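Accompanying notes for the structure given below.
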């Protein structure tokens, strides 16, 4: 029977330096390689899909913009080809869950599985030390999910570029503002920041709930609630909105509210409705073009009769400041959540 | 390590979960160089005491130090203690060789050649996932990883409770070899008294969260005028039950 080569222990042990941080790299890789390979497979698959569809989209866009003269049947055809492409990707809904999937399936099980299977009793009694173990894992994996997400968002930026290019109004598009809810957080650093936040929410939920499946479910619920609240209530307040009386705002503006005034007072909505209804019959010309014409006529009539239309909006040029503001506070939130998780690991409650 | 060093010292140690004290006013000294058996009925506080000793739990009251005054759970203490928890948890989806690498990376000291040689001796395939090993093999892997850290104190929580008699015997043999040949102090909890008879030279008897009896087995047997550890433990537990009843 083999025996231990060195007799147990020496008094000098007490002064030993801690196990170096870099030793955690091998531990993390061995334990999480399946999840990390899964992450790369998911993003890789989506990359191939977006690349193939994206090339066609960019090709159609180039054909439509290069077409002369603009009104000719051939050019209308090219416009329609572009506008009719990739209906399943254009609103971004399919890609919206990507950050939370990454966060929930990598973040939530990280500590929940240790607690559920009892392996924390092994991990936290090794020489590395429990809080250093937790910090090393959380920070490394946070970077390991955020970096690919950031790369992926570069691809998404490229993919969606035609929708936001200047001069695309001509192409009969719906006039996407860069703040369009489904696409805003797919382009730019916000995508990576949301992925990081989902991971951090998952890690904390896993440590608190200590059950893998429940932690994943709770992570998805919290993320969905947070994303909805930010998109609906918070984002428009990042910078004070602009107010204008101009009637032709560019399509890139994010319109937050519109109201009328006459002689310094704000007429009630009911009153405005009455004025409009009494002056105009329903549009004579059927179809969207007819409605648009009628709407323009109403605006002109009201302007001539001393009404002023006010519009509160965020200009499209604020896309990047808004991206950095959102990424910044999400990063701060993630750091706080990860710190809280490490603190929970350190506080010994077993 | 000499006999004078205490591998475990507790003073006024208490741990409360909610309103229930799992362990209270526990004052105890365990000298080095023994295989110490921590015995007592289920719920007596054995696991709580071990969790406090290895630093998994923190005390509600009092202090516990290990290996001659190192605060339980401190880096210095973790360097000198190896712990095998109840049901010998391993990462089920990692292979045995991965578990060896992970444990080596997580510790300052790790005797890889010992680990490899011992696993080969046990006939445990290195490439197999830990979750696919038998209960006895998993326990042996966990013990091998713990011993390869060359601890001064090996702490085992109910190590053989889930094992069949053969695996139980083999496991205890490995523990005894480490204790006798390499001078590792061992602290193990069990409610299987018969198994401890063979291995323990020091006894700590816990009941209802308090220490009832502690001392060297040979002294306790002589003082109690009983022939076996089992008899000694049972007589004390019965005495205690009678006291409580009165």
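Exactly one of (1) touching a residue at least 12 places away in the same chain (Cβ under 8 Å); (2) within 14 Å of chain B (Cβ to nearest Cβ) is unmet by residue A:119. Its number?
Result: residue A:119 passes all but (1).
If you scan the range B:54-71, which residues turn out to be within 10 Å of another protein chain (Cβ to nearest Cβ) and surrounded by 24 or more Cβ atoms within 10 Å (Cβ to Cβ)?
Result: B:54, B:55, B:67.
Taking the range B:16-42 only, how many residues are part of a loop (DSSP other than H, G, I, E, B) and in contact (Cβ under 8 Å) with a residue 60 or more places away in the chain?
Residues that pass the stated criteria total 6.
Using the structure shown, decide if residue A:62 is free of Cβ contacts under 8 Å to residues at least 60 places away in the same chain, more than 25 Å from the chain's Cα centre (by Cα), more than 14 Å from every other protein chain (Cβ to nearest Cβ) and in a helix (DSSP H, G or I).
yes
Here is a yes/no grid of residues against (1) out of contact with any helix residue (DSSP H, G or I) (no Cβ under 8 Å at 6 or more places or on another chain); (2) closer than 25 Å to residue B:140 by Cβ:
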{"position": "B:16", "(1), (2)": "yes, no"}
{"position": "B:24", "(1), (2)": "yes, no"}
{"position": "B:29", "(1), (2)": "yes, no"}
{"position": "B:53", "(1), (2)": "yes, yes"}
{"position": "B:81", "(1), (2)": "no, yes"}
{"position": "B:105", "(1), (2)": "no, yes"}
{"position": "B:113", "(1), (2)": "yes, yes"}
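So in the range B:75-89, with the set limited to residues that are assigned to a loop (DSSP other than H, G, I, E, B) and more than 7 Å from chain A (Cβ to nearest Cβ), which one is surrounded by the most Cβ atoms within 10 Å (Cβ to Cβ)?
The residue in question is B:88.
How about the range A:80-108: which of its residues are in a loop (DSSP other than H, G, I, E, B) and either touching a residue at least 12 places away in the same chain (Cβ under 8 Å) or surrounded by 21 or more Cβ atoms within 10 Å (Cβ to Cβ) (or both)?
Once the filter is applied, which keeps residues that are in a loop (DSSP other than H, G, I, E, B) and either touching a residue at least 12 places away in the same chain (Cβ under 8 Å) or surrounded by 21 or more Cβ atoms within 10 Å (Cβ to Cβ) (or both), the range A:80-108 yields A:85, A:86, A:89, A:90, A:91, A:92, A:93, A:95, A:96.
Mind checking which residues of the range B:108-131 are over 17 Å from residue B:182 (Cβ atoms) and either in a loop (DSSP other than H, G, I, E, B) or in contact with a strand residue (DSSP E or B) (Cβ under 9 Å, 6 or more places away or on another chain) (or both)?
B:108, B:123, B:124, B:125, B:126, B:127, B:128, B:129, B:130
Can you give me the ranges of the helices (runs of 4 or more DSSP H) entirely in the range A:165-273 with at least 3 residues that are under 20 Å from the mean Cα position of the chain (by Cα) and more than 30 Å from residue A:101 (Cβ to Cβ)?
Output list is empty.
Name, by its number, the condition in (1) within 27 Å of residue B:168 (Cβ to Cβ); (2) touching a helix residue (DSSP H, G or I) at 6+ places or on another chain (Cβ under 8 Å); (3) within 10 Å of another protein chain (Cβ to nearest Cβ) that does not hold for residue B:127.
(3)
Hey, could you check the range A:1-36 for residues that are buried (at least 18 other Cβ atoms within 10 Å of the Cβ) and not in a helix (DSSP H, G or I) and say which is modelled with the lowest pLDDT?
So, considering only residues that are buried (at least 18 other Cβ atoms within 10 Å of the Cβ) and not in a helix (DSSP H, G or I), the one modelled with the lowest pLDDT is A:8.
Name every residue in the range B:90-110 that is more than 23 Å from residue B:157 (Cα to Cα) and within 7 Å of chain A (Cβ to nearest Cβ), in order of residue number.
B:98, B:101, B:105, B:108
The values are calculated or read from the model by the stated rules, or taken from the named source; none is laboratory data. All figures in this text were calculated on a predicted structure; none of them were measured in a lab. Every residue, glycine as well, gets a Cβ built from its backbone with ideal geometry; the counts of neighbours run over all protein chains shown.
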